[in-house]
């Protein structure tokens with residue numbers, strides 16, 4: 001019986017997927033080539049990071065039970081809250097590992113969200129702007145914008161995609177497309193819970209793969225005359241095929257999926273743990289990936305937020321996130337930079353925890369949980385030029401209102417747009433750029449001043465760096 005490539009690839013297609021609209025975008029006629037980008041203002045990107053890992057807490061973490069702790073009626077007695085340093089109290093029950101790493105981490109406590117609904121909030125978290133159904137098909141994800149901007153820095157040896165996602169398919173909005181950008185800037189979304197392989201292609205499998213790819217190219221040449229007027233769509237799909245072929249033939253690719261039992265136990269055998277472990281491996285491989293977006297799902301605890309008997313509660317989710325992020329920071333800090341003497345990979349990697357909004361302050365509600373709340377929430381930053389150990393902004397005693405924004409814009413709370421301006425800046429990208437030749441003829445600004453509900457300051461959060 002003739003052997004097929006998939007017979008030799010150990011379920012690889014089950015764990016690698018171009019999520020959401022990623023593959024669909026490869027057929028979009030609206031993809032621009034070339035893109036007309038120009039500076040719309042004056043920005044001075046820092047370029048302090050080579051990589052970025054964003055961990056999205058999908059469903060919204062309770063800020064006042066975690067990194068902006070406020071005791072209230074219903075606060076469990078077993079949280080074991082301890083003072084980490086002046087003004088910073090953290091539950092040792094929820095964050096036993098990150099409690100040891102907070103000198104590397106800075107907290108922004110004065111965030112404000114435009115959204116209070118998950119789908120729109122998670123879209124905002126991935127796109128960096130509000131959902132507009134009329135324009136959504138042309139809007140790229142922030143990861144695709146980063147991939148577009150860093151394309152010129154790719155080396156001949158870079159075979160991994162610039163933008164990798166982990167579990168984007170678990171987000172309410174899925175993986176966003178490249179919009180008007182070329183499909184080669186799409187995300188490769190990896191579902192880590194579907195199982196990760198790691199077995200390298202043996203000689204026989206590689207021979208079969210090469211033969212199939214040769215036949216595919218011959219068929220492509222033979223059919224070229226029939227594609228008149230549709231070359232852009234077929235060309236986009238061939239880019240995906242070429243990228244997949246290069247990655248499968250690179251021994252660094254299967255190595256990135258090799259995770260020992262001890263590593264799984266240390267990071268956690270869940271979406272956050274495996275996502276951060278894969279992010280570490282991909283950064284160590286240094287094979288072209290620069291931006292990794294990890295979704296940690298199931299944080300929507302409207303009821304029983306601290307009920308030990310439930311499958312999902314804040315104990316479970318906080319412990320998962322705690323081990324994942326703490327060990328990612330430790331491993332990167334212990335890995336010397338191959339580019340700068342005396343520096344580590346953590347110095348070159350910006351690690352961000354982001355979420356769509358906060359949870360209602362005060363006592364727990366009638367079903368012992370917390371609902372959605374957008375007037376105050378938080379985000380975390382570490383590595384990549386960030387000065388650790390800082391707390392930026394402050395809320396009142398019940399966590400409901402911001403009493404200090406913590407940055408130079410005293411009357412404007414930081415928002416999702418400012419998180420991405422900070423990421424762009426750290427990666428050396430001018431966040432004030434705009435693309436003018438969009439399909440709708442509306443300029444696309446990397447950081448838009450027109451937020452969903454109010455004007456936005458289109459600036460980085462500079463206080464994180466100085």
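Structure notes:
- Computed E for residue 397/residue 119 - FRET, C-beta separation, R0 25 angstrom, nearest 0.05: 0.15
- Relative exposure of 163, 409, judged by other C-beta atoms within 10 Å (fewest first): 409, 163
- Extension gain from residue 71 to residue 261, taking 0.36 nm per residue of separation minus the Cα-Cα distance: 64.6 nm
- Applying 1/(1 + (r/R0)^6) with r as the Cβ-Cβ distance of residue 442 and residue 466 and R0 = 30 angstrom yields a FRET efficiency of 0.30.
- Residue exposure sequence - 89, 123, 373 - by fewest surrounding Cβ within 10 Å: 89, 373, 123
- Ordering of 340-353, 428-441, 134-147 by burial proxy (mean other Cβ atoms within 10 Å per residue, highest first): 134-147, 340-353, 428-441
- Potential lengthening of the chain between residue 103 and residue 340 amounts to 83.1 nm, from the contour at 0.36 nm per residue minus the alpha-carbon distance.
All of the numbers you see were taken from the coordinates with simple rules; none came from a lab. Remember, it's a predicted structure, so these values are computed and weren't measured experimentally. Glycine gets a Cβ as well: all are built from the backbone with ideal geometry, and neighbour counts include every protein chain shown.
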